[in-house]
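For reference, the structure is listed below as structure tokens.
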Amino acid sequence: MNATSQQAQPPARAGGSTVKRWRSASRVAALLASAALLSPWLAGTQWPQLVPAASAWVAVCSTAALGSLASIFVVAGLLAAVAAIFWRRWFCRWGCPVGLCADAASRIGRKLGCRNRSMFPLGQWVAVLTLVGAAVGYPLLLFADPLAMLAAFFGLFTKPASTGAIYAALALPAVCLLSVLLPGLWCARLCPLGATQELLWRLRSSVQQLPKAVIAGLVAVMRMARRDIPPAAGSAEISHCASSRSTLRAGPQQVVVGDKAIVGHEAMFGDAAAAPDCWPLARRTAIAALLGAVWAGFARQAATVATRKIRPPSARSDVDFLGLCIRCGNCARACPTRIVQPDISPIGVSGLLAPMVSFAHDYCREDCRRCTEVCPTGAIAPLPNGDKLAAPMGIARVDMSLCLLGDDRECFICRNCCPFQAITLVFSEQTYSLTPQIEPARCPGCGACQAACPVSPKKAIVVYPLD
């Protein structure tokens with residue numbers, strides 16, 4: 001290396017490595033804090049919901065869909081969204097634990113010789129589609145949030161881990177594998193949380209530059225009317241925002257105004273480096289918004305016609321539940337009887353890995369409200385006054401062709417085990433036998449009768465979703 005090339009090299013920034021170390025330390029601390037909050041020791045508390053609720057994307061979309069805060073923890077995500085307006089991708093650089101894992105995987109990929117590929121910003125499309133869907137009541141792809149993937153990964157530490165929990169936990173390793181094969185692609189082009197921060201920052205930049213653009217356009221039109229400058233030059237100024245990307249690549253162009261030559265970028269915005277790429281962003285956002293509204297309408301219709309599953313207590317209507325649920329697994333980890341499991345055999349794709357309740361081996365305890373206290377998006381609302389009768393999961397129904405009483409055999413198990421005294425035995429004068437009857441007002445669908453029923457393999461009393 002000669003002296004000329006040594007002089008041509010830019011001087012290294014003394015504080016650059018220090019800032020990088022602080023950023024790495026901050027994200028490591030965020031990863032450790034997330035692991036502590038999602039640990040099995042805190043599964044029965046409200047703290048696990050803080051991890052996915054800290055996502056600006058989840059917080060904004062869930063608040064837009066509900067028209068209110070899903071929980072107090074969502075405030076953290078909303079504050080993160082406000083901070084992203086002023087500091088570009090600050091959470092990605094300082095606080096994202098998934099970004100830390102993706103960066104580590106990307107470094108491994110680069111050492112192995114893998115290279116990134118150019119790709120359109122899919123994350124921005126996903127972010128806008130979901131936000132517009134939330135505005136019309138159905139967040140489309142909210143489960144693609146990286147912090148939700150991180151929370152779902154900790155479902156592997158729940159014993160015993162269900163098959164659905166294992167499938168849901170594969171999302172985070174898939175992101176890391178993708179980062180090895182295509183280094184940097186997830187954070188730069190695919191992550192919807194990062195794209196949301198980028199959109200918020202660009203929105204502020206565009207709003208700041210809008211008055212200058214409007215004034216410059218009006219001045220150009222007035223000068224064209226007075227014939228001070230050629231029409232072609234005035235048109236170039238007015239359409240500068242649409243061609244800012246190509247102009248920035250080609251370099252500043254001069255526009256002659258009277259006897260003075262000024263730079264095209266400075267004439268439009270005053271600072272060439274600050275000129276936002278407003279037309280491609282606005283066009284992309286408008287198209288994604290239109291698609292999001294249409295897609296949300298079709299998704300709601302598809303979820304309506306699909307066969308319902310039994311959801312956790314106080315879950316919202318099935319359509320709203322499938323849209324708001326981010327598949328973080330908090331409710332399944334909080335359940336002490338392990339009856340809440342991710343659905344691996346849904347009728348429609350929209351229900352894949354959404355929490356469902358199975359009474360094959362146990363039932364929902366009458367005094368348990370854990371799953372209603374850990375949902376970060378409001379898909380499972382808090383129980384009103386803790387009363388499960390106010391938010392039933394389903395209704396029990398008896399098949400007398402399977403019931404032992406219909407075969408003139410004695411069995412009172414379902415009546416005796418019902419914690420809500422919702423089952424009574426009524427004598428039928430037509431069959432001269434006792435028949436279990438369910439009082440709907442006293443049945444929350446807890447599944448105690450179904451779990452205790454001695455008939456197998458198909459139970460004589462089964463809890464069905466509410467119509």
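Out of curiosity, is Met119 of a type in the set (A, V, I, L, M, F, W, C) and closer than 30 Å to His361 by Cα? So Met119 fails the test.
The residues of the stretch 384-408 that are assigned to a loop (DSSP other than H, G, I, E, B), surrounded by 17 or more Cβ atoms within 10 Å (Cβ to Cβ) and either without any contact (Cβ under 8 Å) to a residue 40 or more places away in the chain or among the aliphatic types (A, V, I, L, M) (or both), listed by number, are Ala391, Met393. Would you confirm whether any residue within the stretch 153-160 is under 24 Å from Ser350 (Cα atoms), of a type in the set (Gly, Ala, Ser) and surrounded by 24 or more Cβ atoms within 10 Å (Cβ to Cβ)? So far as the stretch 153-160 goes, yes, one or more of its residues are under 24 Å from Ser350 (Cα atoms), of a type in the set (Gly, Ala, Ser) and surrounded by 24 or more Cβ atoms within 10 Å (Cβ to Cβ).
Of all the residues in the stretch 124-138, those that are crowded, with 24+ Cβ neighbours inside 10 Å and of a type outside the set (A, V, I, L, M, F, W, C) number 3.
Table: residues versus (1) at pLDDT 95 or above; (2) out of contact with any strand residue (DSSP E or B) (no Cβ under 9 Å at 6 or more places or on another chain); (3) crowded, with 16+ Cβ neighbours inside 10 Å; (4) not in a helix (DSSP H, G or I).
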site	(1), (2), (3), (4)
Gln7	no, yes, no, no
Pro11	no, yes, no, yes
Leu31	yes, yes, yes, no
Ala35	yes, yes, no, no
Pro52	yes, yes, yes, no
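Give me the residue from the stretch 351-368 that is closer than 18 Å to Val319 by Cβ and touching a strand residue (DSSP E or B) at 6+ places or on another chain (Cβ under 8 Å) and, out of that set, surrounded by the most Cβ atoms within 10 Å (Cβ to Cβ). Top of the filtered list is Pro355. Among the residues of the stretch 414-449, those identified as among the hydrophobic types (A, V, I, L, M, F, W, C), surrounded by 13 or more Cβ atoms within 10 Å (Cβ to Cβ) and within 14 Å of Ile395 (Cα to Cα) are Cys414, Cys418, Phe420, Ala422, Ile423, Ile438, Cys443, Cys446, Ala448, Cys449. Is it fair to say Ser62 is closer than 17 Å to Ile326 by Cα and not in a helix (DSSP H, G or I)? No, not satisfied. Please determine whether any residue of the stretch 418-428 is assigned to a helix (DSSP H, G or I) and among the hydrophobic types (A, V, I, L, M, F, W, C). Checked against the condition, which is being assigned to a helix (DSSP H, G or I) and among the hydrophobic types (A, V, I, L, M, F, W, C), the stretch 418-428 yields no hits at all. When Ser62, Ser68 are screened for being surrounded by fewer than 17 Cβ atoms within 10 Å (Cβ to Cβ) and either of a type in the set (Lys, Arg) or in the same structural domain as Leu141 (by TED's automatic domain parsing) (or both), only Ser68 passes.
Scanning the stretch 85-111 for residues that are under 11 Å from Ser55 (Cα atoms) and part of a helix (DSSP H, G or I) yields Phe91, Cys92. Could we say that Thr163 is in the same structural domain as Arg27 (by TED's automatic domain parsing) and over 27 Å from Ala296 (Cβ atoms) here? Yes: the conditions hold for Thr163. Kindly indicate whether any position in the stretch 137-149 is among the charged types (D, E, K, R) and closer than 23 Å to Gly348 by Cα. Yes. In a residue-by-residue description of the stretch 98-114, the property of being more than 30 Å from Thr18 (Cβ to Cβ) and over 19 Å from the mean Cα position of the chain (by Cα) applies to at least one position. With respect to the stated conditions, Val75 is surrounded by fewer than 19 Cβ atoms within 10 Å (Cβ to Cβ) and modelled with pLDDT of 95 or more.
In the condition set (1) touching a residue at least 40 places away in the same chain (Cβ under 8 Å); (2) surrounded by 14 or more Cβ atoms within 10 Å (Cβ to Cβ); (3) assigned to a loop (DSSP other than H, G, I, E, B), Cys371 is compliant with all but (3). Look at (1) of a type in the set (Val, Ile, Thr); (2) buried (at least 17 other Cβ atoms within 10 Å of the Cβ); (3) farther than 26 Å from Val319 by Cα and you find that Val462 fails only one, number (3). Taking the stated definitions as given, is Leu100 out of contact with any Lys or Arg (no Cβ under 9 Å at 6 or more places or on another chain) and modelled with pLDDT of 90 or more? Criteria not met by Leu100.
Has the stretch 328-341 got any residue that is β-branched (Val, Ile, Thr), closer than 17 Å to Ser62 by Cα and crowded, with 17+ Cβ neighbours inside 10 Å?
No, the conditions are met nowhere in the stretch 328-341.
Filtered by the rule that a residue be closer than 12 Å to Cys325 by Cβ, touching a helix residue (DSSP H, G or I) at 6+ places or on another chain (Cβ under 8 Å) and assigned to a helix (DSSP H, G or I), the stretch 138-150 gives Leu142, Ala148.
The values are calculated or read from the model by the stated rules, or taken from the named source; none is laboratory data. Quick caveat: nothing in here was measured; it's all calculated off a predicted structure. Here the Cβ is made from the backbone with ideal geometry for all residues, glycine too, and neighbour counts use every protein chain on show.
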